[in-house]
Amino acid sequence: MLSTLGFLIHGNEKPKRLKDLTCLYMINKNQPIRDENDKPLSINDLKTELKNRVEILNLSNFQVIIDKVIEKLEEMDDSICYFVLVSTFYLSDSIFEESLKEMSVNQGLMNHNFEYKLYSELLENSKNIPKLPWDISKVLNPTELAKLPPEQQIFENPIIPIDNWGLISAEYRKILKTEELLISARENQSIIFFHLENAQFFAKLLEMYRGKSSDLFQINDKKHFYLGNLCRVEEWNLTMTKTILAKHLFLANLLSDTRQNLEALFNPISENPIRKAIQNFLREEFQQFSENLFEIFSENSENMNRHRKCHEIYEFARGFYHVLKDFVKILKNLNDFSPIDLNEMSFVGSRFAALESARKIWKRFNLILIQFIVKKCAEMLTSPEAELFDLLVDEGDSKLIRDPSVWQRLNPLSMEQSRCIDRNLSNRIVDLIISYRFFVNDKKNEERNELELFSITPCFESTIDEIMTSFGPENPPELEKSLELLMRKLPTTEIVEKYSRKILAKSIRFFDFLKQFFTQPHIHGKSISNLDVAKYEKYGFEREFLQAISYDFRSTFDDCRFGIAPKEPLNVYTTESVAFVYSQVFTILNMLKNAMDAIIETRRCDTFQREPRLRYSIFHMNDVVFTIRKNIMGLVEAAYVDMKKKLDLELSNKSLNSNECLNICYRSHRIFMKEIAAILMLSLNRGSTARILKMMVTSVSESSTSCISDDAVSADRHYQEFLKNLSLFLDLCRQDRLRYSLYKSLEFSEESTDFGRKSAFSSYSDDISCRSY
Amino acid sequence: MSHEHDVNDNKDVLFYQADDDHYVPRAVLVDLEPRVIGGMMQSPNFSNLFNTDNIFLSDHGGGAGNNWASGYCQGREVQEKIVDIIVREAENTENLEGILLTHSVSGGTGSGTGSLLLERLREIFPKKVIQTYSVFANTEGNSSTDVVVHPYNWVLSMQRLIENPDHVVVLDNAALHRLAAGKFKTDTPTFDHINSLVGRIMSTSTSMYRFNSSILPSIRYLDIAPFPPMHFIQSGISPVVDPSENFTRKTSVADVTRFLLKPTSMMVSTAAGVRPNDCMLSSYMFLQGQIEPHNILAAEQNVDFAIRRTPFYMTKPLKMMHAPLSPYVKPQYKVSGLLLNNSTSVAPLFDSLLAKYDKLRSKRAFVDKFEKIDNFSLDMMDEAVHSVQDLLDEYRAVVQKDYLTRGL
């Protein structure tokens, strides 16, 4: 700068003067030339003034040169240009005119007639510094020029560069060691830097974080901030300031990029409610960020250490950045995040995010999500038309749900679980929603309007508000608690509870009906296919349940097929496999009963009277058939009694709600079905029980028919066939270790093909019937 | 009971509903003299119960005089009227499956006329089940019957009991008296005591049909006589209680089963003198009350090996089942049972009665009372004796191993 000034003012002839630099500094600092409002005149004002002055002095010929110089200086450095204009302002007209004429001719800019020489160039040094074509050195008195008050006449004691010993003075050494000079020397050029006070510095910093550029923080073509000029803040030097600002710049750029990415992901026309909620939230947060930055700055701004303040702002912005980064991921893959997932994320963030600002943002988002979820649940629980899939997932098949409830088996919806909502609660809510819909469908259409509980009434919003405001600073809102409160306040819970109790009672009656209907083939008479509802009602069967039974006309003697299709929700109990088991029970008992009916016809026939062996074989067949039938019926009855006992025991628990009771009911019935399948040995030998029994029954029927027809030989032959089938049946029974003891008494040995086979269990020992007491 | 409706109550089995909605028993009451039925119809309990069109009283009202031949021959004269009543009643049913006949065989209460009716019933209803509740005379001790000719009456009745019914439930008065005396704590049990026991046997044995049992839905399924004519059934009940007294025992399936399988619980007086080779041919044990199905299944297995069977192969003769209980009767005990036991141990009763017959017949004691009845000859008595002897031979043969193959 010294050499610049030196050449500018004096050319190369005079040594460089510190005083000139002082003048430059003081002029630019104090801006002495002001208008009547004490507002400093700008460079343009001073240029205008100079132009007027040149015209007044009739120096218009020189205007070109003056303009060139001023333009050059303005391009080079505003401060030097201002300095020159102010110095020229203070120059007297005579000195100005005289020096202008002389020096412009000497520099070859004008001819002797004071006409401008075309294509003349300003005199410049190697650094393109022009030499002034007029002399301002006469007025370079800092005090005079800067109009300093007397008490600030610091130049009374100017810095002396060489001390009395001829060495560089301490003060001068100190100046030479200043950072700014060192940087300038290193870069081999003059540097421009700001020296800011606290308020100015933080204002610019906050502006940067708000995305606005300033003279300190400027934006390049990539829309990234960079440090426009070096800067000092009060006592901070350039390096320290730069170092501190580096991380702020980096963060601000990250923040800006992230915000742009986010805004690019916004979809203003989306109907997705969660997307809309997130977008609205983020817009508010952007607003909130700006306001909060200001609040941080204004808190204790006078007393707080600048480092600490910067750190606070940095941490605050960093927290915001991290949250925005997460939201970018969320918005990019919004379909992968359910409201429950987001709630869990926000809950975890509100508790465990590293930065407090991030935690606060997550906390606010958590609240919004809780409100969203609670409101959605309330809609689903009060209106059958409410959209379900904002919160619930359609699994498609209840087998994909772990331990589904009765209602979920009918409608395989599920709600995610998370750390904020445990499985039991989410299952309860899903059960309530599904069962509410069943309840509504169960009612007539004209009552449907009454069943639109709350969703369109003014109470609805106030109920939600009441729930959300029940939380406070010491009791922050939690999803689980909010949902629990919701379920307590809505009438749906009570309505569904009553409805489910009715279903429970109906279910138990339905089980009674199924068991009675399918294990009493004798009441069906000969014609099973004629399911006459009126006739069965006389036996005490409920009409509604009878109408659920259908007889498949493809059924055969050994395979009676019934369809069981009650109205919802009872159809949850009657899957195809259940209908199959009941059909098998009926088939087998019916076959056995038909066998007994066939035997009855042989009584009192002549052959029967004549042939003791035949009487024996008929009796044996009847006995076997009777025993098998009795055992099956006894076991079914025992299993049913067990089921009822278990139901009575478990349902007597008052702490269970009705949905839990229905689940117990369902499971008990399933166990009962499995037990029946085991009783019928359906899993053994590929379920051939019915086929084997059918063969036995056929033998019985044919033997009886032969007996009636007086054909003892055929009757005996069929009896032998019966024995073979009986041994097959006993083979099957032996595989069922649990129940074999009931059929063991049917075992017979093959010691002789004729009668007189000794029973394995006949006894000649003392027995109770023979003992006398 | 007649006015209430219960879904498991098959009232139509033994009752029909009159136009005034009260239920009328499908019963035909027959007596050759009016005292008993007349007295019953004047009692407040029964006067409005029966259909008076179903009551037959002989015109002359003299009765049979404890003479089987008299009853039989008088019955011949009036059989058409009686049969008309029975047929009318049968035609009023939707699906007649069986007929229960209650009489005595020793003379005085339907032995003669009852025997005739048995023949006619078998003739008219060849395929229907006929089950009789036949009261045998008390021939023991001081309370022996006052009908001196009861052996003759018995033999003649026995032939018809052997040939016609499907099951005969033997109710031995001696055993009934003994049981009643023991349980009701009286030396002279009254008719009420005895009838309460008989009534309980009859009601329990028919409860399966009356209350919609799936195991034995009708009497046709009762297969208790594999080798006719060995169809004489002993019965026993447990517990035997005086209804007027408090019941202090605890009952269970095991207790009841154990008691019923004791010979002394049978209503046949010679049951205590069971022979070593006596065996059970077929039996039904009906257990009523608060019973778990598991208990019956367990009890069946426990008693399985304790039942003496015939030496030739037979399946398990004893069938235990849960019989429904009337919803209108609240017994003093939780569990009760009835055993209908077709066992060869009934034969000694017939042996002793036959011995008594032989004793009288050898001396031709009182035969003139029979001979003077028109259309009766002593050949009928001899023929009847042969039938009884054949029956006793069957009882002796069935305990032999070669019973099924004999004669082949």
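Descriptive notes on the structure:
- Hits in region A:602-616 (condition: part of a helix (DSSP H, G or I) and either more than 9 Å from chain B (Cβ to nearest Cβ) or open to solvent by 60 Å² or more (accessible area, probe 1.4 Å) (or both)): A:Asp606, A:Thr607, A:Gln609, A:Arg610, A:Arg613, A:Leu614
- Any hit, region B:110-132, residues being on the phi > 0 side of the Ramachandran plot and either in contact (Cβ under 8 Å) with a residue 60 or more places away in the chain or buried (at least 19 other Cβ atoms within 10 Å of the Cβ) (or both): yes
Listed here are the residues, each with its yes/no results for (1) small (Gly, Ala, Ser); (2) free of Cβ contacts under 8 Å to residues at least 40 places away in the same chain.
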site: B:Lys262; (1), (2): no, yes
site: B:Val268; (1), (2): no, no
site: B:Phe286; (1), (2): no, no
site: B:Gly289; (1), (2): yes, no
site: B:Arg308; (1), (2): no, yes
site: B:Ser326; (1), (2): yes, no
site: B:Val335; (1), (2): no, no
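- Top-ranked residue of region B:215-234 - restricted to ones that are assigned to a loop (DSSP other than H, G, I, E, B) and among the β-branched types (Val, Ile, Thr), ranked as nearest to the other protein chains (Cβ to nearest Cβ): B:Ile215
- Pair list, Cβ under 8 Å, 6 or more apart: region A:632-643 residue of a type in the set (Val, Ile, Thr), other residue outside any helix (DSSP H, G or I) and open to solvent by less than 10 Å² (accessible area, probe 1.4 Å): A:Ile632/A:Leu680
- Qualifying residue in region A:225-238 (condition: under 32 Å from the mean Cα position of the chain (by Cα) and either open to solvent by less than 60 Å² (accessible area, probe 1.4 Å) or not aliphatic (A, V, I, L, M) (or both)): no
- Region B:388-408, subset open to solvent by 20 Å² or more (accessible area, probe 1.4 Å) and either of a type in the set (Phe, Trp, Tyr) or away from chain A (no Cβ under 14 Å) (or both), residue farthest from B:Trp68 (Cα to Cα): B:Arg396
- Figure legend. Inter-residue proximity from region A:524-547: first residues within 22 Å of B:Arg210 (Cα to Cα), second residues at pLDDT below 65 and loosely packed, with under 15 Cβ neighbours inside 10 Å, beta-carbon distance below 6 Å, spacing 6+ or different chains. Indicated pairs: A:Gly540/B:Val7.
- Residue pairs meeting the criteria (Cβ under 9 Å; at least 6 apart or on separate chains; first open to solvent by 60 Å² or more (accessible area, probe 1.4 Å), in region A:278-300; second among the β-branched types (Val, Ile, Thr)): A:Asn280/A:Ile368; A:Gln288/A:Ile361
- Test result for B:Tyr357, hydroxyl-bearing (Ser, Thr, Tyr), in a loop (DSSP other than H, G, I, E, B) and either touching a residue at least 12 places away in the same chain (Cβ under 8 Å) or open to solvent by 30 Å² or more (accessible area, probe 1.4 Å) (or both): no
- Across region A:309-327, the qualifying residues are those that are without any contact (Cβ under 8 Å) to a residue 40 or more places away in the chain and within 28 Å of A:Gln200 (Cβ to Cβ), and the one among them that is farthest from the chain's Cα centre (by Cα) is A:His311.
- Residues of region A:399-438 satisfying the condition of being open to solvent by less than 10 Å² (accessible area, probe 1.4 Å), within 14 Å of A:Leu479 (Cβ to Cβ) and modelled with pLDDT under 90: A:Met415, A:Ile421, A:Leu425, A:Ser426
- Residue in region B:159-177 that is farthest from the other protein chains (Cβ to nearest Cβ), counting only those that are touching a strand residue (DSSP E or B) at 6+ places or on another chain (Cβ under 9 Å) and in a helix (DSSP H, G or I): B:Asn173
- Number of positions in region B:248-280 that are at the interface with chain A (Cβ under 9 Å from one of its Cβ atoms) and open to solvent by less than 20 Å² (accessible area, probe 1.4 Å): 6
- Taking the listed residues B:Ser377, B:Ser345, B:Ser362, the one that is within 14 Å of chain A (Cβ to nearest Cβ) and either surrounded by 19 or more Cβ atoms within 10 Å (Cβ to Cβ) or not hydrophobic (A, V, I, L, M, F, W, C) (or both) is B:Ser345, with no other qualifying.
- Answer residue from region B:175-195, given it is out of contact with any Leu (no Cβ under 9 Å at 6 or more places or on another chain) and buried (at least 18 other Cβ atoms within 10 Å of the Cβ) and is nearest to B:Lys127 (Cα to Cα) among those: B:Ala175
- Residue match in region A:568-583 (condition: under 30 Å from B:Pro126 (Cβ atoms) and either of a type outside the set (Gly, Ala, Ser) or open to solvent by 10 Å² or more (accessible area, probe 1.4 Å) (or both)): no
- Within region B:314-342, considering residues that are more than 13 Å from B:Leu281 (Cβ to Cβ) and within 14 Å of another protein chain (Cβ to nearest Cβ), the one surrounded by the most Cβ atoms within 10 Å (Cβ to Cβ): B:Leu339
- Qualifying residues in region A:714-743 (those that are more than 22 Å from A:Ser704 (Cβ to Cβ) and away from chain B (no Cβ under 13 Å)) - the one most open to solvent (accessible area, probe 1.4 Å): A:Arg737
The values are calculated or read from the model by the stated rules, or taken from the named source; none is laboratory data. Note that this is a predicted model, so its numbers are computed, not measured. Because the Cβ atoms are built from the backbone with ideal geometry, glycine has one as well, and the counts that use them run over all protein chains shown. Note: accessible area is taken over every heavy atom of the protein model, side chains too, but ligands, DNA and RNA are not part of it. Shrake-Rupley method; radii C 1.70, N 1.55, O 1.52, S 1.80 Å.
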